[in-house]
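The values are calculated or read from the model by the stated rules, or taken from the named source; none is laboratory data. Just so it is clear, the model here is predicted, and its values are computed rather than measured. A quick note on method: Cβ atoms are made from the backbone with ideal geometry, for glycine too, and the neighbour counts reach across all protein chains shown. Calculation scope for accessible area: heavy atoms of the full protein, side chains included, ligands and nucleic acids excluded. Shrake-Rupley method; radii C 1.70, N 1.55, O 1.52, S 1.80 Å.
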Amino acid sequence: MATSVPEPPKIDSPQPSKPFPTMHGGGGTGGLTPGDGELRAVTDRSPEPARTGIWVALAAIAMSFAALTSALVVRQGSGDDWQRILIPRILYLNSAVLVLSSLTLEIARKKVASYIRLEGVTRSQAMQWVGATFALGLAFVAGQYVAWLQLRSEGLYLSTNPNSSFFYVLTAVHAIHVIGGLGGLLRVMYLLRAPVPILRKSTMDATSYYWHFMGMLWIYLLFIVWIKL
Amino acid sequence: MSEAAGHHGPPQGFLWKYVFSLDHKVIGLQYYGLALAAVFIGMVLSWLMRFHLVWPNAAIPGLQLLSKNGAPGGVITPEYYLSLLTMHGTLMVFFVLTNAPFAAFGNYFLPIQIGAEDMAFPRFNMMSFWTTFAAFVVLVAAFFVPDGPPISGWTAYAPLSAIGSDAGPGLGMGQNLWGISIALFCIGSLLGALNFIATTLDLRAKGMTLMRMPICTWAWFITSCIALLAFAVLLPACLLLILDRVAGTSFFIPAGLVVSDRLQSHSGGSPLLWQHLFWFFGHPEVYIAILPAMGIVSHVLINSMRKPLLSHRVVIASMLAIAFLSYMVWGHHMFLSGMNPFSGLVFSFPTLMITIPATILTLMWLGSLYGARLQITAASLFALGFISMFVSGGVSGFFLAQPSIDIYLHATYFVVGHFHLVMGVAAIFGIFAGTYFWMPKMTGHMMNETLGKIHFWLTFVGTYCIFMPFHYLGLAGNVRRYSTFVDDYMAPLMPVHKFITIAALCTGAAQLIFLYNLAYSRFWGPVAPENPWNATSLEWAIPSPPPWNNFGDTHPVVYHDPYQYSVEGAKEDFIMQNSPEQVKTPVRS
């Protein structure tokens with residue numbers, strides 16, 4: 001439960017170190033003396049794994065989309081049924097909305113930080129920018145849905161041809177991830193709502209890295225759609 | 001996402017303590033239990049298959065109740081044989097070899113060995129188990145749908161797996177369930193891998209530098225890095241497969257395919273694409289199964305030898321090299337797939353290269369054993385057995401890595417013997433070694449050593465009796481996946497098959513000794529002390545079984561390399577990692 005900032009761990013007080021001659025330059029292996037030099041690699045402060053975790057998660061997501069991209073390239077070469085589709089114009093608008101949401105999120109981060117550090121920003125000001133990001137994200141997902149409706153109206157369904165299949169798969173998988181990001185933003189807003197802010201910096205950071213990554217991923221996907229589909 | 005380590009309180013009530021527990025130790029035990037259930041079903045399936053191979057017309061009483069069409073009157077049809085084969089492979093590879101050494105032991109011991117209170121994200125950890133459990137239920141449900149489990153093997157090659165019920169029994173609902181199950185399994189494994197990596201990087205105790213982590217911690221960490229990228233590829237592959245099946249897309253199904261006299265309405269898909277995506281996951285998966293076993297075996301052997309391996313750093317570097325190379329060898333499963341022969345050659349080189357770190361590891365174990373006064377325990381016997389299986393199975397890998405030799409041996413029992421020894425049984429021996437070594441810590445009760453040793457010898461001899469003849473069958477041209485050999489050119493090989501079947505039934509029965517030992521010791525075994533093996537790593541510094549927050553209210557500080565055994569000048573012959581005791585000449589490795 002992320003309801004409180006953890007107390008720093010209690011450390012057994014190290015034994016007074018005897019001056020043994022060290023034969024190697026410290027580091028992890030072989031070190032014996034419990035002096036500061038030997039313990040430097042790990043800090044006393046309880047670390048916040050959200051920051052590491054988000055990069056690990058993004059690596060996995062990047063890998064999934066790399067797999068889908070290579071599938072697309074192989075599939076393009078395997079059959080003679082590759083038929084270019086006309087990209088719905090609304091995708092460009094959606095892209096702009098998503099880029100804009102990254103900007104508002106950056107502003108939100110600054111406002112939230114100022115609010116938590118009591119630097120004259122009120123909670124509702126901070127909340128507004130997170131809310132704006134959330135609304136833009138929602139608009140993006142709605143815009144993607146409109147793009148699908150447009151394709152449908154042109155008679156292009158999931159199974160019509162490989163291009164439409166990949167279009168639906170890539171955009172849908174991306175949209176699901178964006179919806180996950182919206183969940184993260186909701187969580188940020190929930191944590192911000194408490195009378196005493198219990199939102200950690202690492203939560204805010206992790207959510208925003210994820211969100212920016214979704215933006216970059218979308219630009220990449222748009223590029224793939226544009227040159228391949 | 002912001003749960004910091006172990007910041008959940010003590011569990012309240014049965015449901016939160018044992019079912020939806022956030023405690024990594026309970027989750028580890030849950031994974032172990034799931035693996036036990038899966039290995040039991042998987043083993044029974046292999047018995048059914050072995051029985052059918054040598055007595056194809058004999059009825060197996062009661063089997064018709066499981067599948068009326070698959071086993072009319074209890075006699076297995078060729079199609080149902082393939083269903084059993086698919087389920088055996090899927091259960092064993094995913095739910096046993098991935099779950100037990102990696103998810104079960106890793107969950108239980110990784111946080112303790114690095115001195116953490118819990119995993120980095122306890123909620124994700126719980127979700128990881130329950131997603132995997134759901135995957136298991138969905139897979140086993142395939143037995144109970146009308147046309148039974150799929151017949152496309154654990155690799156689910158397209159287009160057979162992609163077309164639907166036209167292609168044969170089990171390829172309707174059964175194959176759908178398979179796809180959903182594996183997709184769920186991917187999600188569970190991704191959550192698990194995420195947790196392992198963040199935990200290892202962020203939650204180490206003061207003084208626990210990376211190089212001070214025990215070898216098995218390293219193995220779990222490296223394995224989670226492999227799993228993260230491998231399952232991230234299988235998940236979209238499963239998605240595309242499911243879409244081909246239910247949404248009419250053509251990712252994997254080529255045009256003009258006539259199946260069961262019906263022209264399939266798909267066009268332009270690439271069956272090879274599935275194989276590439278699958279094996280890009282599938283080969284790293286082999287190392288997901290074997291690396292944790294290597295770590296466990298090293299950990300156990302070091303304890304029994306009372307000295308560290310020749311080089312801690314080289315062992316870790318070799319495991320990293322294996323992990324890195326594991327992503328470059330997937331094409332060696334596809335030499336005969338119609339892939340460009342030059343690609344085959346390209347994939348052959350890294351396949352041979354990966355034998356170098358594997359050989360270095362083996363030499364590290366054997367070289368360290370030289371001159372060591374090994375304490376013979378059930379755990380150390382199984383660790384030695386692991387090395388034996390790994391070498392025996394690995395040697396046949398040299399042959400299969402050559403595309404020209406593989407042309408002959410592909411899809412024969414030679415391959416079956418190879419991967420069962422090197423990946424299947426070897427990893428199982430690693431699981432047994434870990435079980436005998438760690439069960440006292442996990443349950444608080446010692447297992448019976450004599451029964452353990454009997455179990456070892458029966459299993460060791462038994463598995464060689466089963467899998468060594470596979471190689472000869474393969475060299476003689478005995479193909480895989482056939483359900484009967486009695487009426488064709490393979491009939492002269494039947495005596496070998498009979499021998500294997502009897503060995504399989506006996507070796508399987510020997511596992512009852514293990515089950516008895518496990519169950520008996522759990523309740524009535526002698527109470528385990530804190531450190532029964534005089535071991536050095538942190539899991540032995542806390543009570544057996546550990547309290548919910550592992551180290552109580554204290555936070556351990558680590559002063560030593562992981563394996564300070566036979567230390568000159570120390571009070572005992574070992575120094576625990578968190579002991580502030582100092583000596584003039586620490587054990588360097």
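I'd like the full set of residues that are part of a helix (DSSP H, G or I), among the polar types (S, T, N, Q) and under 23 Å from B:MET334 (Cβ atoms), limited to segment B:155-180. Outline the logic, then answer.
Initially, segment B:155-180 is screened for residues part of a helix (DSSP H, G or I), giving B:160-163, B:165-167, B:173-180.
With the extra rule that they be among the polar types (S, T, N, Q), the set shrinks to B:161, B:165, B:175-176.
Selection gives B:SER161, B:GLN175.
Look through B:ALA183, B:ALA193 and report the one residue that is open to solvent by 10 Å² or more (accessible area, probe 1.4 Å), in a helix (DSSP H, G or I) and among the small types (Gly, Ala, Ser).
Values: B:ALA193 fails: open to solvent by 10 Å² or more (accessible area, probe 1.4 Å).
Matching residue, one of B:ALA183, B:ALA193: B:ALA183.
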>> Just the residues that are of a type in the set (Phe, Trp, Tyr) and out of contact with any Gly (no Cβ under 7 Å at 6 or more places or on another chain), please, taken from segment B:330-344.
In response: B:PHE342
> Out of B:LEU493, B:LEU518, which single residue is farther than 30 Å from B:ILE114 by Cβ and either within 14 Å of chain A (Cβ to nearest Cβ) or of a type in the set (A, V, I, L, M, F, W, C) (or both)?
Replying inline: B:LEU493
>> Between a residue in segment A:52-64 that is closer than 20 Å to B:HIS276 by Cα and any residue that is open to solvent by less than 20 Å² (accessible area, probe 1.4 Å), which pairs come within a Cβ distance under 6 Å, given they are 6 or more apart or on different chains?
In response: A:ALA60/B:LEU228; A:ALA60/B:ALA232; A:MET63/B:ALA232; A:SER64/B:ALA232; A:SER64/B:PRO236
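Condition test on A:LEU138, is it over 29 Å from A:SER70 (Cβ atoms) and crowded, with 21+ Cβ neighbours inside 10 Å?
Details: over 29 Å from A:SER70 (Cβ atoms): yes; crowded, with 21+ Cβ neighbours inside 10 Å: no.
So A:LEU138 does not fit the description; no.
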>> Just to be sure before I move on: is B:VAL583 touching a Leu at 6+ places or on another chain (Cβ under 8 Å) and facing chain A (nearest Cβ under 7 Å) in the structure I sent?
In response: no
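Kindly indicate whether B:ARG212 is facing chain A (nearest Cβ under 9 Å), out of contact with any His (no Cβ under 9 Å at 6 or more places or on another chain), under 20 Å from B:SER579 (Cβ atoms) and not polar (S, T, N, Q). Write out each step before concluding.
Numbers: facing chain A (nearest Cβ under 9 Å): yes; out of contact with any His (no Cβ under 9 Å at 6 or more places or on another chain): no; under 20 Å from B:SER579 (Cβ atoms): yes; not polar (S, T, N, Q): yes.
Spelling it out, it is not the case that B:ARG212 is facing chain A (nearest Cβ under 9 Å), out of contact with any His (no Cβ under 9 Å at 6 or more places or on another chain), under 20 Å from B:SER579 (Cβ atoms) and not polar (S, T, N, Q).
Out of the residues in segment B:197-225 that are outside any helix (DSSP H, G or I) and out of contact with any strand residue (DSSP E or B) (no Cβ under 9 Å at 6 or more places or on another chain), which is most open to solvent (accessible area, probe 1.4 Å)?
Result: B:ARG204.
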> Which numbered condition trips up B:MET576, out of (1) within 14 Å of chain A (Cβ to nearest Cβ); (2) in contact (Cβ under 8 Å) with a residue 12 or more places away in the chain; (3) surrounded by fewer than 21 Cβ atoms within 10 Å (Cβ to Cβ)?
Replying inline: (3)
> Counting only residues that are touching a Leu at 6+ places or on another chain (Cβ under 8 Å) and more than 21 Å from A:HIS212 (Cα to Cα), how many does segment A:82-114 have?
Replying inline: 4
> Can you tell me how many residues in segment A:176-187 are over 13 Å from the mean Cα position of the chain (by Cα) and either of a type outside the set (D, E, K, R) or more than 10 Å from chain B (Cβ to nearest Cβ) (or both)?
Replying inline: 1
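Name the residue that is nearest to B:MET119 (Cα to Cα), counting only residues in segment B:540-571 that are among the acidic types (Asp, Glu) and surrounded by fewer than 23 Cβ atoms within 10 Å (Cβ to Cβ). Let's see the steps before the verdict.
Here is the first cut: in segment B:540-571, the ones among the acidic types (Asp, Glu) are B:553, B:561, B:568.
Then drop every residue that is not surrounded by fewer than 23 Cβ atoms within 10 Å (Cβ to Cβ), which leaves B:553, B:568.
Details: B:ASP553: 16, B:GLU568: 36 Å.
Out of the qualifying residues, it is B:ASP553.
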> If you take the residues of segment B:279-300 that are more than 17 Å from B:GLY434 (Cα to Cα) and away from chain A (no Cβ under 11 Å), which of them is surrounded by the fewest Cβ atoms within 10 Å (Cβ to Cβ)?
Replying inline: B:GLY282
>> Going by what's in this entry, would B:SER152 be described as part of a loop (DSSP other than H, G, I, E, B), within 26 Å of B:ALA427 (Cβ to Cβ) and of a type in the set (Gly, Ala, Ser)?
In response: yes
>> Please go through segment A:77-124 and give me each residue that is farther than 30 Å from A:PHE166 by Cα, in a helix (DSSP H, G or I) and open to solvent by 80 Å² or more (accessible area, probe 1.4 Å), ordered by number.
In response: A:LYS110, A:ARG123
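If we scan segment B:155-176, do we find a residue that is more than 26 Å from B:ASP261 (Cα to Cα) and surrounded by fewer than 24 Cβ atoms within 10 Å (Cβ to Cβ)?
So in segment B:155-176, the residues more than 26 Å from B:ASP261 (Cα to Cα) come out as none.
Scanning segment B:155-176, I find no residue that is more than 26 Å from B:ASP261 (Cα to Cα) and surrounded by fewer than 24 Cβ atoms within 10 Å (Cβ to Cβ), so the answer is no.
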> With (1) of a type outside the set (Val, Ile, Thr); (2) surrounded by 21 or more Cβ atoms within 10 Å (Cβ to Cβ); (3) outside any helix (DSSP H, G or I) as the list, and B:ASN517 as the residue in question, which single condition is left unmet?
Replying inline: (3)
>> I need the full set of residues from segment A:57-85 which are closer than 30 Å to A:ASP205 by Cα and either at pLDDT below 95 or more than 7 Å from every other protein chain (Cβ to nearest Cβ) (or both), in order please.
In response: A:LEU58, A:ILE61, A:ALA62, A:PHE65, A:ALA66, A:THR69
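Based on this model, can you work out whether B:SER380 counts as closer than 26 Å to B:ILE466 by Cα, surrounded by fewer than 22 Cβ atoms within 10 Å (Cβ to Cβ) and within 25 Å of the chain's Cα centre (by Cα)? Step through it out loud before you land on a result.
Values: closer than 26 Å to B:ILE466 by Cα: yes; surrounded by fewer than 22 Cβ atoms within 10 Å (Cβ to Cβ): no; within 25 Å of the chain's Cα centre (by Cα): yes.
Against the criterion (closer than 26 Å to B:ILE466 by Cα, surrounded by fewer than 22 Cβ atoms within 10 Å (Cβ to Cβ) and within 25 Å of the chain's Cα centre (by Cα)), B:SER380 does not qualify.
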>> I'd like the full set of residues that are within 16 Å of B:SER521 (Cβ to Cβ) and open to solvent by 10 Å² or more (accessible area, probe 1.4 Å), limited to segment B:424-438.
In response: B:PHE432
>> Restricting to segment A:141-192, and then to whatever is of a type in the set (Ser, Thr, Tyr) and more than 23 Å from A:LEU58 (Cα to Cα), can you tell me which residue is surrounded by the most Cβ atoms within 10 Å (Cβ to Cβ)?
In response: A:SER165
>> Of all residues being modelled with pLDDT under 95 and of a type in the set (Gly, Ala, Ser) in segment B:101-134, which is surrounded by the most Cβ atoms within 10 Å (Cβ to Cβ)? Just the residue, please.
In response: B:ALA120
> Counting only residues that are touching a helix residue (DSSP H, G or I) at 6+ places or on another chain (Cβ under 8 Å) and in a strand (DSSP E or B), how many does segment B:226-285 have?
Replying inline: 2
> Within the group B:THR443, B:THR412, B:THR459, which residue is hydroxyl-bearing (Ser, Thr, Tyr), in contact (Cβ under 8 Å) with a residue 60 or more places away in the chain and surrounded by 22 or more Cβ atoms within 10 Å (Cβ to Cβ)?
Replying inline: B:THR459
> What number of residues in segment B:539-561 are within 13 Å of chain A (Cβ to nearest Cβ) and either in contact with a helix residue (DSSP H, G or I) (Cβ under 8 Å, 6 or more places away or on another chain) or assigned to a loop (DSSP other than H, G, I, E, B) (or both)?
Replying inline: 12
> Which of the residues spanning segment B:331-357 are among the aliphatic types (A, V, I, L, M), open to solvent by 30 Å² or more (accessible area, probe 1.4 Å) and under 18 Å from B:HIS410 (Cβ atoms)?
Replying inline: B:LEU336, B:LEU345, B:VAL346, B:LEU352
>> Scan segment B:14-33 and tell me whether some residue there is touching a Gly at 6+ places or on another chain (Cβ under 6 Å), surrounded by fewer than 24 Cβ atoms within 10 Å (Cβ to Cβ) and away from chain A (no Cβ under 14 Å).
In response: no
